[in-house]
1. Relative contact order, percent, of chain A when contacts are C-alpha pairs under 8 Å separated by at least 6 residues?
2. So for the pair residue B:137, residue A:425, with labels modelled 7 Å out along Cα→Cβ, what separation do we get in nm?
3. Figure the gain on full extension for residue A:339 and residue A:31 (residue separation times 0.36 nm, minus the Cα-Cα span) and round it to one decimal in nm.
4. How well do other chains shield peptide A:177-186, expressed as the mean number of their Cβ atoms within 10 Å of each residue Cβ?
5. Compare B:58, B:260, B:237 in a GNM of chain B, Cα atoms joined below 10 Å, and give the one with the largest fluctuation.
6. Rounded, prolate or oblate: pick one for the stretch B:196-363, where a ≥ b ≥ c are the square roots of the eigenvalues of its C-alpha gyration tensor, a/c under 1.5 means rounded, and failing that, prolate if a/b is larger than b/c, else oblate.
7. Which residues does the label zone of residue B:146 cover in the stretch B:154-183, counting backbone N under 17 Å from a point 7 Å along Cα→Cβ?
8. So for chain B, averaging the separation of alpha carbon pairs under 8 Å that are six or more residues apart and normalising by length, what relative contact order in percent results?
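The numbers here are math on the coordinates, done by the rules we state, and not lab data. Worth saying up front: this structure is predicted, and the values here are computed from it rather than measured. Cβ sites come from the backbone with ideal geometry, for glycine too, and all protein chains shown count toward neighbours.
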């Protein structure tokens, strides 16, 4: 690459040389400027979260200039007539000031709230994409764990931010947080008193949440996001199966200029949509709720959606409480507050390792699975979504009851059953759908695609002409691989299983491996191998001479 | 070390030897790779756009960028033109600022997309991927070097050094945790505090504390609160705006016909069918603020715990495990409702040290 730089304009060449002389950045850029990024719409979901986070930092910084994180009692004297002369905390008064007396304040507040909702939504859908395509597999387990930690932190970040304006609605959320914390066995009272600086609500919590919300948690999030991005960069992105794509390459567009411009555009889209929502879709109109008092609440109080599943599980729980040796174990609070969250987060964190344990698969994976091709994983994922989704829905059971005119109590009773039955049904249905889709793939590979052309054979029979699938679609389907199994699970009855598969845990492992792994519906089942040309006997006329213009 | 500096070779083309006034030579190859020479239509995986599409794309993108330019100006103008200060003006300012910002961002985004899709080539570049793991030789080298370094440092050979260093780290690591101690109050205070509310305190004059209406602060004459089914949200006199007191002492006051009250209610603590319960839900502490007259149900809007107000506020539905505690009330010589004592049991959510306070009260014959 000796002397091809004649065209680099001086204003760029000069500073570049200056930097390269001092940083040696050229070597890095040489390797990375044309780094290839694979294309798929679903790979952009995580970017929504990333860009929302940047918008959160920008709008949040603006808000800190005007917000007063203080619970000092003041008498409101701002420009919102309805609350003039009302006693409230300085925090709430300053949140009102931001909304009505600072130009752009309301916009920044609303954009901040919308960006927070989008941030968590982006993380969730991104995580689901990674889960269902198996993109968490080796070597990406660590990045998956970082993601789970970030999601947990983001929930806490949302909770602390939501409590800051100190309006009646945010106070209700804070009260529930306190009620949950204080019911924890052994440490609950301690934790609460340390968090609130004494009894609820005290005078400290807003200031403490403020420093957690604007410094500690975002700092940790920023560090983890950086680690997440660096790992993604170093390990390169996974790609969907397709023509020319293997486990040993990356096919796509170069970072410079195409991916860079696309990413910039996507940032602007995210930013723009948040601005759109912040402008036209009112969110958290704190002035309507009034200042916080522990004596009041409005009916239909709801948390932000990402807390809905905890709200739902609290509502669903029967009133169990145990008193033993003079101590109280408030199961009706502890179980719903900790168990669903624990199941979801721990399950997510451990899944890559459990899968590895069951399949015995220690290889690197860089080609994403199509969800149908790992039916058990997909079914487990859907069962998880159903579990979470039901809890989330039941967090609004009063609204459901009100809207659909059903008994509130019955929404709870039905919910208590559904929360156990629903995931099982979802599992079974999803599993069946996956196998059905695999069969449909096998049919396309084996028989070709219906062309819509009806042909009459010499002896009078009518057949529909099938044509081979388009090359890229076929390559996409043929990216399927059997799910690995531990070797030795197929020991004959009476035979001696290999070491590690003996004993109860070993036997369970072998059983699970056999169920989880393998090829459920082989692509070329019963039709030999290769394209469908050999199938003339069955459907006839998958002719190479036929018109290939199928729609897809 | 510094002696060697002059030996570092500068790439020829980077050494500035230009005579002033001559055209600038190329100075660096660092930033741009070979493929950058546009027009290289034969680069595999780079499928150039035809000029007609590119020309069209350029025009559309330029139009969109111009929209961004104008909206950006509109944003700045809006900031100056639209003042805030009341709800209506805040709304208009928000629309102008947000609308122009939205338009600017979305048209910039669209312009970039048009640029990528219509002007830039279609790419299908292929890059090799290598296993993440380092090769065996590297691993072996790192392993050896690590051990060698450890040996050189003496940390393996000299246990005294190692152990004292570890021991030294422990208190330093604990120091930040110790510093957090004053976040909370004294331990001796807190479980006890949770058991009492301000209803247990007499007023400065040594009298029983009056029940006053939340919001207005007006004391309640029992004779005036006389329509059955009536309900009031009540706070303690003297603590009308003390949030810490209200978080435990807020009441819900209900008037019954005497025959409606059932055995769960302590009749000695009522006055003429008027009953006072803690408004703080025993589940997680929301104010149980909804009341249904016909069924006498108190409902907490947070998680729908439902209490039967006629029957000692026992739980009839929902996650709350205990009834809302009842406050002993009576009337003073002027006929105003007052509290004759504190709640017999802690109000609000359960906590570890709470124990079965209700059972203790029963054992003590209904007195706290």
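1. Details: 734 pairs, mean separation 86.8, N = 552.
Result for chain A is 16 percent.
2. Result: 6.3 nm between the two label points.
3. Additional length available on full extension: 106.2 nm.
4. 5
5. In the Gaussian network model the winner is B:58.
6. Details: a/c = 1.44, a/b = 1.17, b/c = 1.23.
Because its axes are fairly even, with a/c under 1.5, the stretch B:196-363 counts as rounded.
7. Once the point is set 7 Å along Cα→Cβ of residue B:146, B:154-157 turn out to lie under 17 Å by backbone N, inside the stretch B:154-183.
8. About 11 percent, as a whole number.
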